[in-house]
Amino acid sequence: MIIVMKAGAEKSKAENIIEELEKKNLKPVPLFGIERTVIAVIGEERDLSMGHLEAMPGVEKVMRVVEPYKLASKQTHPEKTIIEVNGIKIGSEQLAIMSGPCSVESEEQMDQAAKALSEIGVKILRGGAFKPRTGPYAFQGLGTEGLDILRKTANKYSMATITEVLDIRHLDEICEKCDMLQIGARNMQNFQLLKEVGKRKNPVMLKRGMSATIDEFLLAAEYIISNGNENVILCERGIRTFEKKTRNTLALATVPLVKELSHLPIIVDPTHGTGKKSLIEAMSKAAIACGADGLMIEVHPNPEVAKSDAQQQLTPDEFKKLYKNLEAIAAAVNKKL
Ligand code: PEP
Ligand code: MN
């Protein structure tokens, strides 16, 4: 951390700060210039409150040297994390493809989706049982029944499962019945929920909040890891911008940037990222090309009658075509489908 004192601030102001830092077992190194003093701080700066230091008399600004997250950072954990779910290694050269309907609606719907997807080669089946809908009158998900259908269907086709956790009260049941937990965009900063999933063993896919910065995204991951669960997979799902032609703006630069900052795997959700069927293939290819560790794509056996997100779900045939077209891109970046 670097603390810059105001021009002309008395020496005693800098000395107060130095004393305060020393009390916290940090090593302040002051540089007394002609106009102003700069204090470099050696030690664990994340334990310091920037706001507190900035509020101290004589301080002009405080600058961080290291990222505010630690456990999610590459600085403290240089080797890539690989997360294993039922034999699938997320973060390895094998791409993790998670696919299935937006919501679990019925046994028949899930069976048709899972049958087609497993034949194509998808190993992780998605399906929301608890749905975060914008309005209270929209389909809210089948709850427990949905979790049971997801489990039963996945077992039939030897697939792993992922479903969204909306509420801490559902966590025991979801952890027991589902392999992976999904924290949705709307809950990325639900800190209590993050702490609770941090106490579980199930891998967690954390979606980026629709107005979250990359630092906030990684700090949300830090909440989970610092509570004991190191199995965090990040998911870029687009952010809200002024653009209206797509549901969200899919910020793909997040992928290589997160790879510079963190050891965690990151996948991309081009379905919610664009909200438009016609864009999903191009953005899937781009995601793989820029280093994503996998994709989440919504597929429904009959999208027109889907109870949620009908406009953006692919049919199994459309998905099959897309999947085939990903092979060459994957090979070009030394990844396998
Ligand atoms: C979902 O994947 O079902 C979902 C609701 O996505 P998001 O949280 O990204 O909106
Ligand atoms: Mn959806």
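The values are calculated or read from the model by the stated rules, or taken from the named source; none is laboratory data. Bear in mind that the values here come from a model prediction, so they are computed numbers and not experimental data. Don't worry about glycine lacking a Cβ; one is built from the backbone with ideal geometry, like all the others, and counts go over all protein chains shown. SASA here: full protein model, heavy atoms, side chains in, ligands and nucleic acids out. Shrake-Rupley method; radii C 1.70, N 1.55, O 1.52, S 1.80 Å.
Can you pull the percent of Cα pairs in segment 254-337 with separation above 19 Å?
Working: 1345 of 3486 pairs.
In whole percent, the long-distance tail amounts to 39.
Using the Kirkwood formula over every pair of different C-alpha atoms, what hydrodynamic radius in Å results for the chain?
Details: mean 1/r = 0.0466 Å⁻¹.
In the chain this quantity evaluates to 21.5 Å.
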Q.
Tell me the net charge near LYS321. Cut-off is 15 Å between Cβ atoms, LYS321 excluded, with +1 for each Lys or Arg and -1 for each Asp or Glu.
A. -1
Q) Mind ordering 121-131, 235-245 by average Cβ neighbours within 10 Å, highest first? A) 121-131, 235-245
**Q.** Radius, Kirkwood style, for segment 166-319 when every pair of distinct Cα atoms is counted (Å)
**A.** 16.0
Q: Count the lysine pairs in segment 158-297 whose Cα atoms lie under 23 Å apart, taking only pairs 8 or more positions apart in sequence or on different chains.
A: 21
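Where does each of GLU260, GLU196 land when they are ordered by accessible area, with a 1.4 Å probe and the largest first? Let's see the in-between values first.
Details: GLU260 135, GLU196 40 Å².
Largest accessible area first, the residues go GLU260, GLU196.
With all protein chains present, how much of the accessible area of segment 95-135 (probe radius 1.4 Å) comes from carbon and sulfur, to the nearest whole percent?
On the way: 570 of 1250 Å².
So the carbon and sulfur contribution to the accessible surface is 45 percent.
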Q | Added length on full extension, which subtracts the Cα-Cα distance from 0.36 nm per residue, GLU173 to GLU243 | A | 21.3 nm
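If you count, for each residue, the other Cβ atoms within 10 Å and average over each peptide, how do 162-169, 31-38 line up from highest to lowest? Please report the intermediate quantities before stating the final value.
Numbers: 162-169: 20.2, 31-38: 12.5.
Going from most to least packed, we get 162-169, 31-38.
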Q: Could you tell me the distance between the Cα centroids of segment 177-211 and segment 272-327, to the nearest Å?
A: 22
Q) Taking the Cα-to-Cβ direction at LYS199 and at LYS11 and moving 7 Å from each Cα, how far apart do the two end points lie in nm? A) 5.3
Q: Under a cut-off of 20 Å between alpha-carbon atoms, report the lysines in cross-link reach of LYS61, not counting same-chain residues fewer than 8 places apart.
A: LYS6, LYS11, LYS13, LYS24, LYS27
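What is the diffusion coefficient of segment 195-260 in µm²/s, taking the Kirkwood radius over Cα pairs and the Stokes-Einstein relation at 37 °C with a viscosity of 0.692 mPa s? Spell out each step's value before the answer.
Working: Rh = 12.6 Å.
Rounded, D is 260 µm²/s.
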Q: Could you do me a favour and compute the accessible area per residue for the chain, 1.4 Å probe, result in Å²?
A: 45
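Just the number, please: carbon plus sulfur as a percent of the accessible area of segment 245-337, 1.4 Å probe, no ligands or DNA/RNA counted.
Numbers: 2100 of 3650 Å².
Roughly 58 percent, rounded to a whole number.
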Q: With a Förster radius of 45 Å, plug the Cβ-Cβ distance of GLU44 and LYS115 into 1/(1 + (r/R0)^6) and report the FRET value to the nearest 0.05.
A: 0.30
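Using Cα pairs closer than 8 Å and at least 6 residues apart in sequence, work out the relative contact order for segment 70-194, in percent.
Numbers: 179 pairs, mean separation 25.1, N = 125.
Worked out over segment 70-194, it gives 20 percent.
Ordering TYR223, TYR69, TYR323, TYR137 by how much accessible area each has at a 1.4 Å probe, largest first, what is the list? Each step should come with its number before you reach the end.
Details: TYR223 75, TYR69 0, TYR323 20, TYR137 215 Å².
My answer, sorted largest first, is TYR137, TYR223, TYR323, TYR69.
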Q) Rounded to two decimals, what ratio of Rg to Rh does segment 1-92 give with C-alpha atoms and a Kirkwood Rh? A) 1.22
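Determine the percent antiparallel among the DSSP beta bridges restricted to the chain, to the nearest 5.
Details: 18 of 45 bridges.
Among the beta bridges of the chain, antiparallel pairing accounts for roughly 40 percent.
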